[in-house]
Amino acid sequence: MSDQLINQQGGEKRTLLIVEDDLGLQSQLRWHFEEYNVVVAVNRDEALTALRRERPAVILQDLGLPPDDEGVEEGFATLQESLAIDPTLKVVVVTGHSDNANALRAVSMGAYDFYQKPVDTNILDLIVQRAFQMAGLEEQLRKAQTEQSSPLQGIIASSPQMLKICRNIEKLAPTNVTTLLLGESGTGKEVFAKAIHNLSEQKGNNFVAINCAAVPETLMESELFGYEKGAFTGANKLTPGKIETAENGTLFLDEIGDMPLPLQAKLLRFLQERVIERVGGRKEIPVNVRVVCATNKDLETMVKEHTFREDLYYRISEMVINIPPLRERQGDKILLARFMLEKFATEQNKKLSGFTPAAANAIEAYEWPGNIRELENKIKRAVIMSDTKNIDNEDLDLSDEIELSINLRSVRQNAEINAINAALSLADGNMSACAKLLGITRPTLYDLIKKYDIKETLIAQESDQ
Ligand SMILES: Nc1ncnc2c1ncn2[C@@H]1O[C@H](COP(=O)(O)OP(=O)(O)OP(=O)(O)O)[C@@H](O)[C@H]1O
Ligand SMILES: [Mg+2]
């Protein structure tokens with residue numbers, strides 16, 4: 001780094017943008033503020049370009065800028081656009097002598113402070129110093145807030161359920177237990193699988209994921225176990241499978257509930273004996289891999305229905321982690337939304353400071369059936385579409401969906417009420433017969449009747465049954 005960019009503390013010089021069309025004053029200020037990395041601009045265009053390129057934390061800006069150097073409108077427009085680009089900016093506005101009205105107007109528009117000409121550099125020094133201090137403190141605070149909300153690397157959460165899961169992951173990661181991650185689509189199963197890997201002894205080695213739902217059944221065996229040269233037509237060279245590739249690392253079996261039954265037996269053998277045989281091979285190859293599985297299917301029901309092997313189920317579920325859907329995570333919706341906003345705003349090089357109250361309410365009210373993946377997509381879209389400082393309800397495009405989800409729920413409830421009423425009258429109010437007609441148990445029927453407050457007139461007395 002050149003000497004020019006080093007300040008007395010030995011750190012990088014902080015950047016100060018001076019927007020001033022009076023060239024005499026401009027050079028006086030530039031000379032005065034030599035402890036900063038001073039960038040100058042004479043009009044709105046130059047100021048905005050410098051702002052985007054140099055990312056100053058503080059701007060010292062004259063209100064009378066060309067072509068309106070006798071007025072203030074160009075100065076206010078510059079202030080407004082600067083803050084739209086970077087809402088964290090500290091803008092110190094320089095106004096005419098005793099021009100209190102415009103000084104107040106500037107502060108109410110978001111300027112950090114004002115200074116009235118003629119220039120007294122000692123006072124101006126203090127104001128600029130304080131502005132840098134404030135910008136630095138706010139930056140530290142923002143950093144601390146992000147660190148605090150990330151209990152595990154790559155995971156943003158503050159709800160008690162999620163914090164507990166993170167603690168459990170920290171405990172189980174260094175062991176060798178086979179872990180099963182259960183959760184709806186988009187809840188972060190893969191994120192947790194990677195977190196386990198990164199906290200484990202295997203972290204220096206491969207993390208190999210295979211999506212059991214995406215590989216056709218005919219190819220699954222060779223994908224997992226590899227094949228020898230000549231094992232089948234087209235097998236012209238020895239190819240190791242995913243399991244071997246994960247040697248000394250982690251194998252992530254994603255969507256394990258979609259594993260075809262014939263392969264479940266082969267997988268079980270690998271898990272029990274920790275050896276594999278390549279397709280077309282004759283020898284057993286010992287392997288050392290950590291296994292993490294995930295699914296959004298109800299494996300216990302699948303076991304009962306004989307579509308998932310019970311012995312395999314017990315083998316993979318040495319440790320089960322239930323990842324709750326986003327709608328059940330108290331406080332996490334808005335936290336994640338802010339995190340995504342910052343991430344995409346940086347990616348898109350857009351300066352956005354947050355959400356309008358309406359947008360924040362919509363985020364809280366929405367059910368997020370697609371969980372964090374859906375939130376991520378919606379925020380990304382909003383960041384691209386938004387042309388204001390804060391993301392608004394409309395940018396999120398959620399209101400129709402909120403109505404839809406409310407309607408869907410009431411449609412489902414109405415359907416249940418109608419079916420119960422119909423069954424009750426068909427069964428002459430006899431509860432056992434009614435439950436049978438509906439294909440539910442009597443206690444469930446009682447629960448539903450209570451829940452929907454169904455009229456007693458339809459229900460026969462217990463003694464009638
Ligand atoms: N707690 C979290 N903090 C930050 N980002 C998250 C979190 N949980 C999930 N994500 C992000 O959300 C997206 C979905 O996560 P992931 O792919 O792990 O979900 P999944 O449960 O495997 O979903 P699917 O069932 O659809 O495969 C990813 O882009 C991931 O980075
Ligand atoms: Mg996944």
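Accessible area of VAL177 (1.4 Å probe, protein heavy atoms only, ligands and nucleic acids ignored): about 40 Å². Extension gain, ASN100 to THR441, is 115.1 nm, computed as 0.36 nm per intervening residue step minus the present C-alpha separation.
Mind checking region 224-303 for GluC sites (Glu not before Pro) that DSSP puts in a loop (not H, G, I, E or B) and that have at most 14 other Cβ atoms within 10 Å?
Numbers: sites: GLU228, GLU244, GLU247, GLU255, GLU273, GLU277, GLU284, GLU300; in loops: GLU228, GLU247, GLU255, GLU277, GLU284.
Counting only loop positions with at most 14 other Cβ atoms within 10 Å, the GluC sites (Glu not before Pro) in region 224-303 are GLU284.
Averaging Cα coordinates gives a centre for region 14-44 and one for region 203-258; these two points are 62 Å apart.
Suppose R0 equals 35 Å. What FRET efficiency, 1/(1 + (r/R0)^6) with r the Cβ-Cβ distance, do ILE123 and ARG52 give to the nearest 0.05? If you can, show how the numbers build up before the last one.
Values: r = 30 Å, r/R0 = 0.85.
FRET efficiency, ILE123 to ARG52: 0.70.
Between LYS451 and LYS203, what is the FRET efficiency for a Förster distance of 41 Å, r being their Cβ-Cβ separation, to the nearest 0.05?
Details: r = 49 Å, r/R0 = 1.18.
That gives a FRET efficiency of 0.25.
Taking every protein chain into account, the accessible area of region 342-395 amounts to 53 square angstrom per residue (probe 1.4 Å).
Fully extending the segment from GLN330 to THR245, taken as 0.36 nm per residue of separation minus the present Cα-Cα distance, adds 26.7 nm.
Could you work out the Kirkwood radius for region 196-293, taking every pair of different alpha carbons, averaging 1/r and inverting it, reported in Å? Present the calculation step by step, with values, prior to reporting the outcome.
Working: mean 1/r = 0.0731 Å⁻¹.
This gives a value of 13.7 Å.
Cross-link partners of LYS242 among aspartates and glutamates, defined as those whose alpha carbon lies under 12 angstrom from its own and excluding same-chain residues fewer than eight positions apart: GLU221, GLU223.
For region 342-395, the Kirkwood radius over C-alpha pairs fed into Stokes-Einstein at 4 °C and 1.567 mPa s yields D = 115 µm² per second. For the residue pairs LYS194/LYS378; LYS171/LYS333; LYS203/LYS351; LYS203/LYS350, the alpha carbons lie more than 29 Å apart in LYS203/LYS351; LYS203/LYS350.
Just subtract the alpha-carbon distance of TRP31 and TYR314 from 0.36 nm times their residue separation and send over the number in nm, one decimal. Once the chain is fully extended between TRP31 and TYR314, it gains 94.4 nm.
When all alpha-carbon pairs of region 3-147 are counted, what percent fall beyond 20 Å?
Working: 4622 of 10440 pairs.
Across region 3-147, Cα pairs with separations above 20 Å total 44 percent.
Here the chain exposes an accessible surface that is 50 percent carbon and sulfur, computed with a 1.4 Å probe and the other protein chains kept in place. When Rg and the Kirkwood Rh are both derived from Cα coordinates, the Rg/Rh ratio for the chain amounts to 1.14.
The values are calculated or read from the model by the stated rules, or taken from the named source; none is laboratory data. Worth saying up front: this structure is predicted, and the values here are computed from it rather than measured. Virtual Cβ from ideal backbone geometry, glycine too; neighbours counted across all protein chains shown. Heads up: the accessible areas ignore ligands, DNA and RNA and are worked out on the full protein's heavy atoms, side chains in. Shrake-Rupley method; radii C 1.70, N 1.55, O 1.52, S 1.80 Å.
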